Amino acid sequence: MTRSILREFLSANGVKLPKVLLMSRTATLGGKTAQDLVFNLTPADFGSEEVFRNVMSHLGWFLPRHYSYVGMRENQFQDGFMAL
């Protein structure tokens, strides 16, 4: 259900093919593994940097507070993104 809500929100904000991936990384403090949701969004996908920041901040409304998320270009990950 969350995926469909995110898809609808991003589509309503002009993202034609919203995608997401789960990125695991080792945190520098303590060597713990952290995970981030990565959306295929960059400022170039929107009319302005402000619109991009607003969309990114509003994504948090649909996710648990402890989730970390970021927007990156799709070509930074080979076939890692999945359609929402």
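Of all residues in segment 58-72, exactly one satisfies the criterion of being within 13 Å of Met23 (Cβ to Cβ), of a type outside the set (Ser, Thr, Tyr) and part of a loop (DSSP other than H, G, I, E, B), namely Met72. Exactly one residue out of Val51, Val55, Val20 is in a strand (DSSP E or B) and at pLDDT 90 or above, and it is Val20. The set of residues in segment 29-48 that are touching a residue at least 12 places away in the same chain (Cβ under 8 Å) and outside any loop (DSSP other than H, G, I, E, B) comprises Ala34, Gln35, Asp36, Leu37, Val38, Phe39, Asp45. Residues in segment 75-84 that are surrounded by 10 or more Cβ atoms within 10 Å (Cβ to Cβ) and over 11 Å from the mean Cα position of the chain (by Cα): Gln76, Phe77, Gly80, Met82, Ala83. Filtered by the rule that a residue be closer than 11 Å to Leu6 by Cβ and either loosely packed, with under 15 Cβ neighbours inside 10 Å or touching a residue at least 60 places away in the same chain (Cβ under 8 Å) (or both), segment 61-74 gives Trp61, Phe62, Leu63.
The set of residues in segment 1-51 being touching a Pro at 6+ places or on another chain (Cβ under 6 Å) and surrounded by fewer than 17 Cβ atoms within 10 Å (Cβ to Cβ) consists of Glu49 alone.
The values are calculated or read from the model by the stated rules, or taken from the named source; none is laboratory data. This one's a predicted model, so the numbers in the text were calculated from it and none came from an experiment. Don't worry about glycine lacking a Cβ; one is built from the backbone with ideal geometry, like all the others, and counts go over all protein chains shown.
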